[in-house]
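None of the figures in this text is laboratory data; all of them are computed from the coordinates on show. Everything quoted here is computed from the prediction, not taken from an experiment. Neighbour counts run over all protein chains shown; Cβ positions are idealised from the backbone, glycine included.
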Amino acid sequence: MELREIVERGFEGKAVVDNSKITLGDIADGWLNCKRKLGLKYERSPAKELTNGERLRIYNARKVKENVLDIIEKGTESLGGRFQKVSADLFPQADYDLLSLLSALIELDGTRYGVCIFTVREGAFRYIDGPKDTHQLMAEMVLYLAGGELDYVVVYYADREGENGVSDPFLVSRNDQRAKSALGLLEEITSNPGSTSLPTAEISLKYKPLKNGDNSVEIVAWQCERCDYYEVSCPGAIYSKYLGLGVLGKDVAGEGKFKPDKLKEKVEEEHVEMLSRLIEDALTRDRLRVLSWVCEVFFGIEVQDAGKADS
Ligand code: SF4
């Protein structure tokens, strides 16, 4: 019995997640992915307990970040630059937990950078070609909160397993308008408490082209699958029993309509209508995304993404 407790006891105090403060990561996640999640964090709603594996991952990630920070310190100083670790009192005007994101400030050739280090799985490392959406937004918020004290944020990714080392540096510049909108979401939530009235995450669709030009449709709710509140404090965008069911119907070519051919066999009668509506909504949004992408890439016209228009 005592042997079994060794690992549990050893973890104590080592991979603790401080849920008492809203982080910039929570705000970015709320603005880009799920407003309700931010509301639940603000209300300190019950969440899933971390598993042994998740705690080890957090612990390892922190160690890797510390090591990369040492490397950046040495590299910056040997190039004649200045390096400073970020401390709690550096940005007294910010109420948010900046320390969980911003690791250091460096100055090189007269340019001032904030340094953010993220860790990723080995398998995900090779797909990195720039900051992820949430990381880009977090960096923009850092620049906004720094109020002119920083010229750029530089984002590095480190392979948690170590094999691939550290990524190229990715520079993020100011986008105060986006940063202010995202920070405004927290103000909106704190002045109107009640997370259940906030919208849930959106479901996404997985298509596979069929020979006749139609697309088979599967539903995915990756935000919920990774969310600590899923089925503890929130039912999610879709019930977990309906995840991983495979093909549920077709997006019929030319008609722009979802045809639920397998849906009825796979879900309970009372949920068929609700799920059909969810998929039909998601199809409409996805089509707008494709359209805005075509406008931007081929015609240089910026179209507001309907999925984010009310964020
Ligand atoms: S379970 Fe899904 S909808 Fe609910 S808070 Fe989490 S991500 Fe949002």
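Tabulated data for the structure shown
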quantity	calculated
Stokes-Einstein diffusion coefficient of the chain, Kirkwood radius over Cα pairs, 20 °C, 1.002 mPa s, in µm²/s	97 µm²/s
Stretchable slack from residue 264 to residue 133, in nm (0.36 nm times residue separation minus alpha-carbon distance)	43.6 nm
Computed [θ] at 222 nm, helices only, for the chain once each DSSP H run of length n ≥ 4 contributes -39500 (n - 2.57)	-12500 deg cm²/dmol
Residues 250, 21 arranged by fewest to most Cβ contacts within 10 Å	21, 250
Set of lysines with alpha-carbon distance to residue 63 below 16 Å, sequence-local pairs under 8 removed	14, 85
Dipole-positive endmost among 120, 190, 153 within the chain (Cβ charges, Cα centre)	120
Between helix 52-78 and the chain: long-axis angle, C-alpha atoms, 0 to 90°, nearest 10	50 degrees
Globularity index of the stretch 200-308, i.e. its alpha-carbon radius of gyration over 2.2 N^0.38 Å	1.16
Normalised contact order of the chain, rounded percent, pairs of Cα under 8 Å and 6 or more residues apart	16 percent
FRET efficiency for residue 56 and residue 222, using Cβ-Cβ distance with R0 set to 22 Å, rounded to 0.05	0.45
Packing-based exposure ordering (other Cβ within 10 Å, fewest first) of 222, 31	222, 31
Among 153-165, 172-184, the order from most to least packed when residues are scored by Cβ within 10 Å on average	153-165, 172-184
As computed over the stretch 43-178, the Cα convex hull volume per residue (Å³)	136 Å³
Charge dipole (debye, nearest 20) of the stretch 2-191; +1 at Cβ of Lys and Arg, -1 at Cβ of Asp and Glu	400 debye
Net charge dipole size for the stretch 121-276 [Lys, Arg +1 and Asp, Glu -1 on Cβ; Debye, nearest 20]	460 debye
Cβ-based net charge around residue 149, under 13 Å, with every Lys or Arg adding one and every Asp or Glu removing one	0
Theoretical FRET efficiency, 1/(1+(r/R0)^6), r = Cβ-Cβ of residue 176 and residue 11, R0 35 Å, to 0.05	0.30
In degrees, nearest ten, helix 269-299 long axis to first principal axis of the chain (Cα)	60 degrees
